[in-house]
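The block underneath contains the structure these notes are about, expressed in structure tokens.
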Amino acid sequence: MRVSSSQLSDHLKRKLAPVYLLCGNEPLQFNESLDAVRTHAHRLGFTERHVLEYQKDFDWNMLIATANARSLFSAQQMIELRIGEQKIGVEGGNAIRRYCDQLNQDVLLLVMALGLDGKDLKTKWVQTIDEVGVVIQTREPANRQKLIEWLENRLRSKGFSPTPEVASLLADQTEGNLLAADQEITKLALVRQPGVLDVAGLRAAITDSARFDLYDLTAAAIAGDRVRTRRVLQMLMAEGTAEPLVLWVLSRELRALAALAFAQQARQELEPVFHAYQVWDNRRPLLLAVLKRHSLAQLWQLLLECATVDQAIKGRAAGDPWALLAQIADTLAMSAEK
């Protein structure tokens, strides 16, 4: 069964298939589809998760062995088979087909394959999953009209009622990049109240959030430049940047760092984490350098402090949000010895 990312929510309301194949090269829809399946499966009792990373000399017997293993903690379990952009060959294809021939209702298989092309989608193992489960292929909107419809739906999901010109302007501003568009809409929801949104309102919000680039803050902190980190934060405060925006960009970076630190500590592959958090190649060495300055426990502590800032912004906790944000940013920029 083929299901688009936009149809996935309705599909999950009806049933949970025994096997899902997520493929495609559009990162936003890929990760949101992955989260949707995981969340729904967890709600249905699939609380134990096993991760199999496909790499050279991968033992395909592990797939069926993991599915047949009795769990001490949960009657239902989920297996994530992360293929990445590699080709699994005949042996891998046969192993997946054998798995599909002996499905277990208490085991959910989630296959993540980023590099499948049109030819791969016609292979027997993909067709087998298509027959017994669901294939979700994420892709960019086929044309500008589809992109505008996607943007309008995204804005409505945040509580906005956009005028017809708004989505068109947003499409131009983000050059059709869904991830960039989603980030703009997320920032928009932080600085503007829900309701009718016209072009003037959108331009004002974009200008307001771009007077001093929020990403200059995380770039300085990641680079370990404490002086610039403090200066950028002071400029953001002086310009009247909304506190939730600053918190959002800091916590977003900290979540990625914590996930990388966890994977590194568990001796897991880092590539899936980089992909999940949309960390492009040129930024990867910078984030890995941070892991030499900060431990996983320290990063988790900073995330807890972000939660405190959120409560302070909402008036539910004591403290000056800007002072708390400055402390988090400065700590992130510190070297291990400081």
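The values are calculated or read from the model by the stated rules, or taken from the named source; none is laboratory data. Predicted model, so just to flag it, every value in this text is computed and none were measured. So basically every Cβ, Gly included, is an ideal-geometry build from the backbone, and we count neighbours across all protein chains shown.
So Glu48 ticks every box in (1) within 16 Å of Ile136 (Cα to Cα); (2) surrounded by fewer than 18 Cβ atoms within 10 Å (Cβ to Cβ); (3) in contact with a Phe, Trp or Tyr (Cβ under 9 Å, 6 or more places away or on another chain) but one. Which box is left unticked?
All conditions are met except number (1).
Table: residues versus (1) farther than 16 Å from Pro27 by Cβ; (2) without any contact (Cβ under 8 Å) to a residue 60 or more places away in the chain; (3) not in a helix (DSSP H, G or I).
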| residue | (1), (2), (3) |
| --- | --- |
| Leu260 | yes, yes, no |
| Ala263 | yes, yes, no |
| Leu288 | yes, yes, no |
| Ala307 | yes, yes, no |
| Ala312 | yes, yes, no |
| Ala317 | yes, yes, yes |
| Trp322 | yes, no, no |
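For the condition assigned to a helix (DSSP H, G or I) and either loosely packed, with under 15 Cβ neighbours inside 10 Å or more than 19 Å from the chain's Cα centre (by Cα) (or both), what is the one hit in Leu63, Leu103?
From the options Leu63, Leu103, the qualifying one is Leu63.
Please indicate, with yes or no, whether at least one residue in segment 5-23 is within 30 Å of Lys146 (Cα to Cα), basic (Lys, Arg), modelled with pLDDT of 90 or more and not in a helix (DSSP H, G or I).
Our first condition is that a residue be within 30 Å of Lys146 (Cα to Cα); within segment 5-23, this holds for 5-17, 19-23.
In the following step, the residues that additionally are basic (Lys, Arg) were identified as 13-15.
After this cut, where a residue has to be modelled with pLDDT of 90 or more as well, the list is 13-15.
From the residues that got through so far, the ones that are not in a helix (DSSP H, G or I) too are 15.
Yes; the residues of segment 5-23 include at least one that is within 30 Å of Lys146 (Cα to Cα), basic (Lys, Arg), modelled with pLDDT of 90 or more and not in a helix (DSSP H, G or I).
I'd like to know if segment 248-259 contains one or more residues that are out of contact with any strand residue (DSSP E or B) (no Cβ under 6 Å at 6 or more places or on another chain), closer than 22 Å to Thr308 by Cβ, among the basic types (Lys, Arg) and surrounded by 14 or more Cβ atoms within 10 Å (Cβ to Cβ).
To start, the set of residues in segment 248-259 that are out of contact with any strand residue (DSSP E or B) (no Cβ under 6 Å at 6 or more places or on another chain) comprises 248-259.
Right, trim to closer than 22 Å to Thr308 by Cβ and you get 248-259.
Retained after the next criterion (residues that are among the basic types (Lys, Arg)): 252, 255.
Applying the additional criterion that residues be surrounded by 14 or more Cβ atoms within 10 Å (Cβ to Cβ) yields 252, 255.
Yes, segment 248-259 contains at least one residue that is out of contact with any strand residue (DSSP E or B) (no Cβ under 6 Å at 6 or more places or on another chain), closer than 22 Å to Thr308 by Cβ, among the basic types (Lys, Arg) and surrounded by 14 or more Cβ atoms within 10 Å (Cβ to Cβ).
Yes/no matrix, rows are residues, columns are (1) modelled with pLDDT under 95; (2) surrounded by fewer than 19 Cβ atoms within 10 Å (Cβ to Cβ):
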{"site": "Arg283", "(1), (2)": "yes, yes"}
{"site": "Leu286", "(1), (2)": "yes, yes"}
{"site": "Ile313", "(1), (2)": "yes, no"}
{"site": "Ala318", "(1), (2)": "yes, yes"}
{"site": "Leu325", "(1), (2)": "no, no"}
{"site": "Ile328", "(1), (2)": "no, no"}
{"site": "Leu332", "(1), (2)": "no, no"}
{"site": "Ser335", "(1), (2)": "yes, yes"}
{"site": "Lys338", "(1), (2)": "yes, yes"}
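Considering segment 156-177 alone, what residues qualify as being modelled with pLDDT of 90 or more and within 19 Å of Phe30 (Cα to Cα)?
Correct list: Ser157 only.
Within segment 97-148, track down each residue that is under 25 Å from Thr186 (Cα atoms), free of Cβ contacts under 8 Å to residues at least 60 places away in the same chain and either among the acidic types (Asp, Glu) or in contact with a Pro (Cβ under 6 Å, 6 or more places away or on another chain) (or both).
Within segment 97-148, Leu147 is the sole residue that qualifies.
Taking segment 159-180 on its own, how many of its residues are closer than 19 Å to Ala242 by Cα and either hydroxyl-bearing (Ser, Thr, Tyr) or touching a Leu at 6+ places or on another chain (Cβ under 7 Å) (or both)?
So the answer is 1.
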